[in-house]
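The values are calculated or read from the model by the stated rules, or taken from the named source; none is laboratory data. On a predicted model such as this, the values are computed, not experimentally measured, just so you know. Every residue, glycine as well, gets a Cβ built from its backbone with ideal geometry; the counts of neighbours run over all protein chains shown.
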Amino acid sequence: MVKRSVQGVIRTSAFCEWFKGAKTADGDMVVINNSFIYRKPLIKTSKNEQYLCLRVKQRKVDSKDVSVCRLGDLNSHFKLFRAKSANLPPLESLDEAVRTEVKRLGRLIFVLIGELQDLPAAVPVNHNLVKKLRFEPSAGKNAALEDIGDGNKEVVVRRLTDPESAWNAIKQELTKCVGSDLAAPEKAFAEAFEKLQDKARIKLVLPSPTAAQTDKSFIASLRDSISKQRRLYEAAIQQWESGADVADNHLREIMRIAYNFADDAIKVLQLLVSIADLKGVLLWCTIKEHFDVAEAFSNLPWTRSHKKPSLEEYRKIIGGARNRAFHNLLAFDRTIEADLKGLDVKARRLTLLPAHGSRKKTVPLDYEDREMVEILAELTRAPEAAVPFNFWQKNAVVMESLEKLLERTGEALWALNKARGNAP
């Protein structure tokens, strides 16, 4: 898996262009960086000190001969050490490095591939007939009113996301029991539903070394969520590009999804990069996908001035574009300055040396119509952030690359989970 990932990196156009300009010779050593995203200020962990490296043979990198070396901080994606270099770092075989890494993996990392299981939950209902509201993931209906003995009832719901549809599903049957006045039971149901949402939990079960891979794992759920949003995003882009009616609505949908993705994607990337810092073998298995995410960020129009893609700038750009589209009710794209030359401002009072505790409430210079000026000053516009449309197009590649990184990370974790069970 590590060698396949390394082969993927050296086949990229970015590596081929770098290697062509490096003017290598047999015996030289190529080092691949272990972090490709601009880390500050979001990534709190320190970079792993271990790097994958390859030898140059017959003027080509030998992807079958992969070793591990320890270096200080490396800023470029790739670094060349000449065969005769005096500071050539000592090498460790990949097999030995992997064995060492597997032994010190620990169990916590496998939370990412823990299986998610819905747990039933129940809360009391403050009503003289309906005594309980119960969440049952395996229920046959969205919501049902059921007998629990002694003339009492309970409401069983299958989902926790839509209280209105659950209420509508039981309303007619409940009318037969309590009459047409449903104000009291509806209020009691709404209050109980909020408590049920707060109480309900999903159980995460850590995998045993012999556990079979499941698509109900935590990381699989993250990937599926991003995949769903990516498909909606691409559909909105296609609608906008086709010149469909209400094109502005499609652009707003693009911005909405991009804004939500940017916020959550950065958190996911923080997690994956930080884990890669701590568990080098997981990075080695997924280094191609980490590289692809960085390249997708680099290909966005606004990152040209950065040596590495910046997650913080990515969020700011999308947030600014979204603010401009969603928060500018007033159609002004620039600040307005009124020319008041010659205007007589009739001063009323100048206040000096107010008490320290009251200084924020004190008006230093009071003048006629000051209140009107303060009201006008409340009118603002969202920060200017015009983004070219090809930014949104290329952002779909960012989404897809993160989706693939999550998928490959999951595969690597399952392989490592099995390996730790087989480790001596």
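Is one or more of the residues making up the stretch 68-85 in a helix (DSSP H, G or I) and in contact (Cβ under 8 Å) with a residue 12 or more places away in the chain?
no
Please specify each residue of the stretch 115-128 satisfying the condition of being surrounded by fewer than 16 Cβ atoms within 10 Å (Cβ to Cβ) and farther than 22 Å from Glu407 by Cα.
Within the stretch 115-128, Leu119, Pro120, Pro124, Asn126, Asn128 qualify.
Scanning the stretch 159-195 for residues that are surrounded by 15 or more Cβ atoms within 10 Å (Cβ to Cβ) and among the β-branched types (Val, Ile, Thr), which turns out farthest from Asn128 (Cα to Cα)?
It comes out as Ile170.
Taking the stretch 343-358 as the search range and keeping residues that are closer than 17 Å to Val373 by Cβ and modelled with pLDDT under 85, which one is surrounded by the most Cβ atoms within 10 Å (Cβ to Cβ)?
Val345
Go over the candidates Asp65, Asp28 one by one and state the one that is surrounded by fewer than 17 Cβ atoms within 10 Å (Cβ to Cβ) and charged (D, E, K, R).
Of the residues listed, the single one that is surrounded by fewer than 17 Cβ atoms within 10 Å (Cβ to Cβ) and charged (D, E, K, R) is Asp65.
Output yes when any residue across the stretch 119-132 is of a type in the set (A, V, I, L, M, F, W, C) and without any contact (Cβ under 8 Å) to a residue 24 or more places away in the chain, and no when none is.
No, the stretch 119-132 contains no residue that is of a type in the set (A, V, I, L, M, F, W, C) and without any contact (Cβ under 8 Å) to a residue 24 or more places away in the chain.
Could you please find all residues in the stretch 1-17 being part of a helix (DSSP H, G or I) and either in contact (Cβ under 8 Å) with a residue 12 or more places away in the chain or of a type in the set (D, E, K, R) (or both)?
Val2, Lys3, Arg4, Ser5, Val6, Gln7, Gly8, Val9, Ile10, Ala14, Phe15, Glu17
Restricting to the stretch 178-237, name every residue that is free of Cβ contacts under 8 Å to residues at least 40 places away in the same chain and basic (Lys, Arg).
Lys187, Lys228, Arg231 - these are the residues of the stretch 178-237 that are free of Cβ contacts under 8 Å to residues at least 40 places away in the same chain and basic (Lys, Arg).
For the stretch 191-212, which residues satisfy the criterion of being outside any helix (DSSP H, G or I) and either acidic (Asp, Glu) or out of contact with any Gly (no Cβ under 8 Å at 6 or more places or on another chain) (or both)?
Scanning the stretch 191-212 gives Ala200, Arg201, Ile202, Lys203, Ala211, Ala212.
Applying the selection to the stretch 303-341, what residues are at pLDDT below 65, part of a helix (DSSP H, G or I) and among the hydrophobic types (A, V, I, L, M, F, W, C)?
Answer for the stretch 303-341, where residues must be at pLDDT below 65, part of a helix (DSSP H, G or I) and among the hydrophobic types (A, V, I, L, M, F, W, C): Ala325, Phe326.
Which residue, of Lys3, Lys20, Lys47, is more than 27 Å from Ala415 (Cα to Cα) and among the basic types (Lys, Arg)?
Of Lys3, Lys20, Lys47, the one residue that is more than 27 Å from Ala415 (Cα to Cα) and among the basic types (Lys, Arg) is Lys20.
Among all residue pairs at least 6 apart or on different chains, which show Cβ distances below 8 Å where the first residue, located in the stretch 247-272, is free of Cβ contacts under 8 Å to residues at least 24 places away in the same chain and assigned by TED's automatic domain parsing to the domain that holds Gly410 and the second is of a type in the set (A, V, I, L, M) and not in a helix (DSSP H, G or I)?
That search, which allows pairs on different chains as well, returns His250/Ala244.
On the phi < 0 side of the Ramachandran plot, under 28 Å from the mean Cα position of the chain (by Cα) and surrounded by 14 or more Cβ atoms within 10 Å (Cβ to Cβ): which single residue out of Leu71, Leu112, Leu54 fits that description?
Leu112
Can you find a residue that is crowded, with 20+ Cβ neighbours inside 10 Å, among the small types (Gly, Ala, Ser) and more than 30 Å from Lys316 (Cβ to Cβ) anywhere in the stretch 5-21?
yes
Among the residues of the stretch 27-64, how many are at pLDDT 90 or above, over 16 Å from Arg11 (Cβ atoms) and touching a strand residue (DSSP E or B) at 6+ places or on another chain (Cβ under 6 Å)?
The total comes to 9.
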